[in-house]
Amino acid sequence: MIIKNANVFHSDGYFEKKDLYIQNDKFADSPNTEDDVIIDAEGMYAIPGLTDIHFHGCVGYDFCDGTEEAIQKIAEYQLKNGITTIVPATMTFDEPRLEKICKTAAAYENKSGAILCGINMEGPFIASKKKGAQNGKYIHKPDIEMFRRLQAASGNLVKLVDIAPEEEGSMEFIDALKDEVGISIAHTTADYEIANEAYDRGARHATHLYNAMPPFSHREPGVIGAACDHDNCRVELICDGIHIHPSVVRTTFKMFGDDRVILISDSMMATGLTDGDYSLGGQPVKVVGNLATLESGTIAGSATNLMDCVRTAVKKMGIPLASAIKCAAVNSAKSVEIYDQYGSLETGKIANIVLLDQDLNIEKVLLKGKEI
């Protein structure tokens with residue numbers, strides 16, 4: 001296949017008008033034969049398929065349903081919306097429930113839809129005071145052996161695990177596991193000193209920055225300040241127009257740069273459906289527009305997919321398109337260590353590609369070189 005005349009995204013964060021070549025399921029540096037299928041992409045943006053490393057569900061299904069059907073339906077919806085690789089997140093449950101979820105993911109065969117590339121283990125090693133929409137009943141102190149049992153059940157699919165570093169055993173958890181899995185600070189009351197120590201010891205990620213953590217202030221910079229001070233730390237942002245004010249999004253890009261920000265959706269099962277009553281982590285959630293809340297009024301994930309978050313960041317928050325794509329495709333793939341195969345349009349990588357028109361509407365999605 002040849003995709004001609006596209007404005008092609010470069011992983012360094014700019015667009016260049018050129019042709020793309022695909023042989024079998026990978027990008028190539030030259031055409032294959034005279035029989036290549038030709039797509040004229042004049043006036044379109046060619047971007048890598050996005051990777052969402054933090055979301056819970058969509059179209060009435062939740063990853064924590066722990067069923068093959070749930071993963072399949074989620075994967076199909078994500079692919080239609082230009083998200084070609086997914087790393088869904090668990091909620092805070094007891095070990096047997098988490099084990100079932102992990103085993104189901106390990107057995108999943110990726111027959112269609114977005115490619116399941118990993119698991120983001122958001123709970124249960126979090127702080128009760130900042131549990132947000134997580135179920136406090138199942139919160140557990142950081143437990144090295146429990147994590148390793150769940151990782152074994154998943155077939156080593158867990159790419160990120162969240163901890164509150166102020167909790168007993170957290171620093172030992174980081175010391176033991178920093179070379180086995182990405183460790184993210186999340187749902188925490190940690191101050192700057194504790195967060196700084198966690199990053200010094202080997203944590204390298206911050207989950208949905210600003211949410212479920214102390215605010216950044218001039219005398220108490222907290223997790224946000226500590227993350228900014230560590231160049232190897234990437235931070236997640238939910239750009240759904242609900243979780244973070246546009247000014248704060250712009251400021252965060254200035255603080256961290258577009259090499260370190262990761263756009264996520266944090267979407268829950270109502271995404272892709274109408275307003276109504278749903279659930280997240282076994283707790284009832286009411287959805288009105290983009291706002292999803294528990295009965296207490298606590299925000300409970302989002303009702304927006306990652307491609308819509310990109311559109312919101314660009315059209316309503318003033319983030320340049322190339323930066324938004326970098327943060328939703330390149331940085332996300334790097335953060336879960338799948339960038340050797342996904343996340344850019346470079347020769348030799350899997351040919352996952354999305355063609356967008358000038359208004360950022362999807363024209364075509366290709367998965368492994370085949371048009372969907």
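The values are calculated or read from the model by the stated rules, or taken from the named source; none is laboratory data. Just so you know, these numbers come straight off a predicted model, no measurement behind them. Because the Cβ atoms are built from the backbone with ideal geometry, glycine has one as well, and the counts that use them run over all protein chains shown. Just the protein is used for accessible areas: all its heavy atoms, side chains included, with ligands, DNA and RNA removed. Shrake-Rupley method; radii C 1.70, N 1.55, O 1.52, S 1.80 Å.
Computed quantities for the displayed model
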| item | result |
| --- | --- |
| Boolean, G318 is outside the structural domain of M1 (by the TED database) and either surrounded by fewer than 19 Cβ atoms within 10 Å (Cβ to Cβ) or of a type outside the set (V, I, T) (or both) | yes |
| Residues being open to solvent by 80 Å² or more (accessible area, probe 1.4 Å) and over 12 Å from G49 (Cα atoms) - total across the stretch 335-345 | 2 |
| The stretch 346-357, residues that are open to solvent by less than 20 Å² (accessible area, probe 1.4 Å) and closer than 17 Å to G13 by Cα | I353, V354, L355, L356 |
| All positions within the stretch 78-87 that are open to solvent by 30 Å² or more (accessible area, probe 1.4 Å) and either at positive phi or touching a strand residue (DSSP E or B) at 6+ places or on another chain (Cβ under 6 Å) (or both) | none |
| Answer from L273, L237, L263 - the residue that is closer than 24 Å to G49 by Cβ, in a loop (DSSP other than H, G, I, E, B) and hydrophobic (A, V, I, L, M, F, W, C) | L273 |
| The stretch 292-315, subset charged (D, E, K, R) and more than 17 Å from the chain's Cα centre (by Cα), residue most open to solvent (accessible area, probe 1.4 Å) | E295 |
| Residue within the stretch 192-207 that is in contact (Cβ under 8 Å) with a residue 24 or more places away in the chain, farther than 30 Å from P246 by Cα and within 23 Å of the chain's Cα centre (by Cα) present | yes |
| Scan of the stretch 251-262 for residues that are open to solvent by 50 Å² or more (accessible area, probe 1.4 Å) and under 19 Å from the mean Cα position of the chain (by Cα), ordered by number | D259 |
| Inter-residue pairs, beta-carbon under 8 Å, first under 21 Å from K111 (Cβ atoms) and open to solvent by 20 Å² or more (accessible area, probe 1.4 Å) and in the stretch 358-371, second small (G, A, S) and modelled with pLDDT of 95 or more, 6+ apart | L367/G49; L367/A114; K368/A351 |
| Residue ID - farthest from L360 (Cα to Cα), chosen from residues in the stretch 60-109 that are assigned to a helix (DSSP H, G or I) and touching a residue at least 60 places away in the same chain (Cβ under 8 Å) | C64 |
| Restricting the stretch 263-277 to residues that are touching a residue at least 24 places away in the same chain (Cβ under 8 Å) and open to solvent by 20 Å² or more (accessible area, probe 1.4 Å), the residue that is farthest from the chain's Cα centre (by Cα) | L273 |
| Residues (among the charged types (D, E, K, R) and modelled with pLDDT of 95 or more) located in the stretch 26-81 | K26, D40, E42, D52, D62, D65, E68, E69, K73, E76, K80 |
| One residue from E167, E193, E180 being at pLDDT 95 or above, acidic (D, E) and buried (at least 16 other Cβ atoms within 10 Å of the Cβ) | E167 |
| Considering residues of the stretch 117-132 that are open to solvent by 10 Å² or more (accessible area, probe 1.4 Å) and over 12 Å from the mean Cα position of the chain (by Cα) only, the residue farthest from M91 (Cα to Cα) | K129 |
| Test: residue in the stretch 25-47 that is open to solvent by 60 Å² or more (accessible area, probe 1.4 Å), of a type in the set (V, I, T), touching a residue at least 12 places away in the same chain (Cβ under 8 Å) and not assigned by the TED database to the domain that holds F125 | yes |
| Failed item, numbered, when G289 is tested on (1) in contact (Cβ under 8 Å) with a residue 24 or more places away in the chain; (2) surrounded by fewer than 24 Cβ atoms within 10 Å (Cβ to Cβ); (3) more than 16 Å from the chain's Cα centre (by Cα); (4) farther than 24 Å from M213 by Cβ | (1) |
| Condition check for G282: closer than 27 Å to G66 by Cβ, within 19 Å of the chain's Cα centre (by Cα) and at pLDDT below 95 | no |
| Single condition K159 does not satisfy, out of (1) without any contact (Cβ under 8 Å) to a residue 12 or more places away in the chain; (2) open to solvent by 40 Å² or more (accessible area, probe 1.4 Å); (3) closer than 25 Å to N81 by Cα | (1) |
| Count of the stretch 240-260 residues which are among the aliphatic types (A, V, I, L, M) and outside any helix (DSSP H, G or I) | 2 |
